[in-house]
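The values are calculated or read from the model by the stated rules, or taken from the named source; none is laboratory data. Bear in mind the structure is a predicted one, so any value in this text is a computation, not a measurement. Cβ placement follows ideal geometry from the backbone for every residue including glycine, while neighbour counts extend to all protein chains displayed. Heavy atoms of the whole protein, side chains included, go into the accessibility calculation; ligands, DNA and RNA do not. Shrake-Rupley method; radii C 1.70, N 1.55, O 1.52, S 1.80 Å.
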Amino acid sequence: MRTHELVGRDRVLADLFEAVSAAGERGDAILLVGEAGIGKTACLTAVAALAQDAGYPLLRTVGSEAERQLPFAGLHRLLRPILASTATLPDVQRRALLDAFGMHDGAAGDRFVVSIATVNLLSQMSARHPLVIIADDVQWLDEQTRHVLAFVARRLGTRVVFVAAATSLPQLRELGDGFRELRLNRLDVAEAHRLLTRLAPGLDPGQRQAVADLARGNPLALIELAAAPPTLTTKDCPIPARISLSPQLERAFAGRHHELPQSGRDVLLVAAVASDASLPEILAATARMSGGRVGPEVLEPAQQLGLLSFDENQVIFSHPLVKAAVVQKESISRRQSAHRALGAVITVSSLRRAWHRAFGTSSYDDVIAAELEATTAASIKSGRAGAAILALERAAQLSVSPAERGRRLLLAARQAARLGRPDEVDRLLQGVVNSELSEFDRVRAELLHENVGGVVITDSLRVTHLCALARRATAEGERSLAVELADAAVRRRCAAPVEAPALADMISLAQGLWRGSSEARCVAVLALADPVAHGREVISALEAVDERGITDGEELSAYAVAARAVGDYTAAVRFLDRAEVLLRERGLLGPLARALCVVADLQLEVGDWDRAAAALAEFARLSVASMSVSHRAAAMATTAKIAALRGETAAALELVSDTEHSPAARSGSRYLARAQIVRGIVGISADKHGETYAALRRVFDPMDPSHHFREQFDAVSYLAEAAAHTGQQAQARKMLDDLQLVADRSGSPLLQMHLAYGRAVLASDDTAEKLFLACLASEAASLPWQRARVQLAYGRWLRRQQRVSQSREPLRSALTTLQRLGAVKWAAEALDELEASGAADEPGSNTGSPHSLLSVQESKVARLASQGMSNREIGQQLYISPRTVSSHLYRIFPKLGISTRGQIAARLDELYLHSDSR
């Protein structure tokens, strides 16, 4: 690791660099102290690099466990490059030094004389240039070398800097007061995550947290674990999860394990494989394992080696990875013996007892397998789905019956999907394929494969088959599977049209499940199957749901899906706000990623576009290769819509093209419809209203591949806006009349809102004002984006009716909201209308603050650019592309009245000063 890459070591490096820089004026002797892997060697490497850059001579030695018993071995390594200079020493000193190194036939060198000779030799070398001496792993140096180095440190001249490093001081009493101590502590949480971001930017949040939890701020552990992140943290399981350590980590955390007596190794292993075990349990298990009486004193050797500490209640390891290293050093048979012993003595926890019994055997055992599987319900309920996966996989390994083995592997795969672990799902499903499964379990496996990553092909025969399977599952008491199958069927109907008989079959199935239960998944199935005929029923059911009393994030997500399907976006946002919190708490990254995709879509309509963009950015981080192609296509389409609304035309069209060519679009009209809506918004932004109307018209045409029964709701207001500019009002009004019948039947708040806007925009002058005022008085007016569009259209209409002064209030309100959202085209129209109304000439019409000129996102970009950040750095901060940053700056310059990036800071200061003085 290069010096500039060391994280959290600024203070230590500054001290070391100052010492080296001051060589020649004053000497220094520094002892770096810290646990294994804390970064001592990296700091020494930094010192060596600085010395070499300065042209200073450098001598190095390093302790070796293998040479610890060889007198003066470490000193020989240090002085070997300059042994030729011993000829200048007095004869007695030269012989003593060479005798010590076995290079002369005399007796072993006298330690005091050797020390004097070493000081004189180093003094000669430093006479010409300041000298830097580095000694690493001092605790492994032989005792004689350590005494000589301590002697040297106390007699340093002004031109020698001596930097040594050791894991602990108590074992190095001979160093005395010759060195000043510089302690390296573990990295704090922020520093650890900064290092992980640098080392492995592709880690998902779950892996990142798992590495951070295990490393506990140890840099070496962070580096090694980031290269091969664990899938489980130790807190997931009632027993410590097996973690594969690199040889370097194993040596760092359990290098002296072999020095323990057998009883010490036994108790250390029992404590390492235990979790939450009390000291009495550990001692009882050790006694059972070794066959003799055991007392607390058996732990003392391990304590003296710094591996652990203990009191009358518990054993505490010095670092979590000491456990992993100890377990890795021991054989499988000894690990199993320790588990069996713990399983036999633990009486207070059936959960821990089952785990130890399961990992203490190497043969098939259905009794233990069933006992272990029984613990998974509690693990899942408490948010430890990772523990459930490991338990189910182990239970499968112990299962005698191939069918039971396959069933348990399938259950484990389903939990892995909930945690957003696609590779683990694939691995577990491979095991399922080779197992004997019941018909229904095989169906579950197929559904899981489709949900995780398969391309879902919509066809009526498949929908009919899924419905038939669902009815059979219901008849045989497999209701949960029946709901899953119904959900798979309705999602195919949502992706693309199905033939009338298949549609009727699916709606009938959804009705049957709905009548049998008000379960969230059943509500979602009914809403997706037929949001028109059953829309009012679903809305009524959702009104009765109190999300505050629900603790299952997936249940709330299902309610949100139902609410979105029927167009009740306010309810959907309410459900998802709580669902997000619960899913994060339990680490269910798969459902969370899917929820974020819906959140982004909802927030575009509700009017929090920054949150929509943030949700999509997090979705992208969570769902690399873990989401189905349909979810990725949906996220891509929503991202394109945000870009289009904010005037980022090139980016929007590029994303639309990607959406249209995605596998999901090839098998479903839903994504083609969304693509056409984005093209329509782009057309409005470019004042190409004819092209816009033609693109959006396709979404409403049942004969067009881009038609979609539900997505057309979102296109109504944009269609009306385009029609008003192209003389297509009559045709558009006819389409709105047809959709009004749908709205009356379904009760969809979303459709009612868009129809109300569309009727006002398309109305004749004698009815327009009444319709505009009705829009502003409706519940939809509470949504910022919708209200701002109505205010803009109403203000424009008022000005054209020569009611100029009345037009200003709605136009000003619209401008404020549209700028805050970043709706570039609509904000520009509002500003043009205000200027045309003469508002720009009124005193006090401009607040003089940056926020009156820039949208929220533009204000953020301007602020970061004023701090000297590059487009790439700004993009990383705001989760947008450098190209998007460039587009924002392109719009910011004329709004601020500047022409260069360097003028931003001064202009912002000027505007803020002017605003404060008002």
Query raised in the report: In nm, to one decimal, how far is the modelled label at Arg68 from the one at Asn434, with both set 7 Å along Cα→Cβ?
Result: 4.4
Report task. Take peptides 28-35, 902-909 and line them up by average Cβ neighbours within 10 Å, highest first, as a rough protection proxy. Result -> 28-35, 902-909
Query - Under-5 Å amide H pairs with Glu499, H placed in peptide plane, nonlocal only - result: Ser460
Report task. Report, ordered by chain and residue number, the lysines lying within cross-link reach of Lys40, taken as a straight Cα distance under 26 Å and ignoring same-chain residues fewer than 8 apart. Result -> Lys323, Lys329
Report task. Report ³J(HN,Hα) in whole Hz for each residue of the range 25-30, in order, from the Karplus equation J = 6.51 cos²θ - 1.76 cosθ + 1.60 where θ = phi - 60°; Gly and Pro get x. Result -> 9, 7, x, 7, 10, 10
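Cβ neighbours within 10 Å, averaged per peptide: list 209-217, 63-71 in order, most packed at the top.
Result, highest mean Cβ count within 10 Å first: 209-217, 63-71.
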Query - Karplus-derived HN-Hα couplings along the range 358-372 (A = 6.51, B = -1.76, C = 1.60, θ = phi - 60°), whole Hz, x at Gly and Pro - result: 5, 8, x, 10, 10, 10, 4, 7, 5, 5, 5, 4, 5, 4, 5
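Could you please report the charge total around Ala344, scoring K, R as +1 and D, E as -1 over all other residues with beta-carbon less than 9 angstrom from its beta-carbon?
Summing Lys and Arg as +1 and Asp and Glu as -1 gives +4.
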Report task. Specify whether the C-alpha gyration tensor of the chain places it in the rounded, prolate or oblate class, a ≥ b ≥ c being the square roots of the eigenvalues: rounded for a/c under 1.5, otherwise prolate if a/b is larger than b/c and oblate if not. Result -> oblate
Query - Convex hull projection area averaged over all views, the range 247-420, Cα basis, nm² - result: 10.7
Query raised in the report: Cross-link partners among aspartates and glutamates for Lys734, C-alpha distance below 12 Å, same-chain residues fewer than 8 apart left out?
Result: none
Query raised in the report: Out of residues 5 or more away from Leu32 or on other chains, whose amide H comes under 5 Å of its own, with H placed 1.01 Å from N in the peptide plane?
Result: Ala164, Ala165, Ala166, Leu182
Query - Above-threshold pairs, the threshold being 23 Å between Cα atoms, out of Lys641/Lys825; Lys641/Lys770; Lys688/Lys770 - result: Lys641/Lys770; Lys688/Lys770
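Quick one: accessible area per residue over the chain, 1.4 Å probe, rounded to a whole number of Å²? All intermediate terms of the calculation are to be shown ahead of the outcome.
Values: 38730 Å² over 918 residues.
Per residue, the chain has 42 Å² of solvent-accessible surface.
Which percent of the accessible area of the chain is formed by carbon and sulfur heavy atoms (probe 1.4 angstrom)? Each step should come with its number before you reach the end.
On the way: 19930 of 38730 Å².
That fraction is 51 percent.
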Requested in this report: Kindly write out, for the range 314-326 in residue order, the coupling ³J(HN,Hα) from the Karplus curve 6.51 cos²θ - 1.76 cosθ + 1.60 (θ = phi - 60°), rounded to whole Hz, with x marking Gly and Pro.
Outcome: 8, 10, 10, 6, 5, 7, x, 6, 4, 4, 4, 5, 4
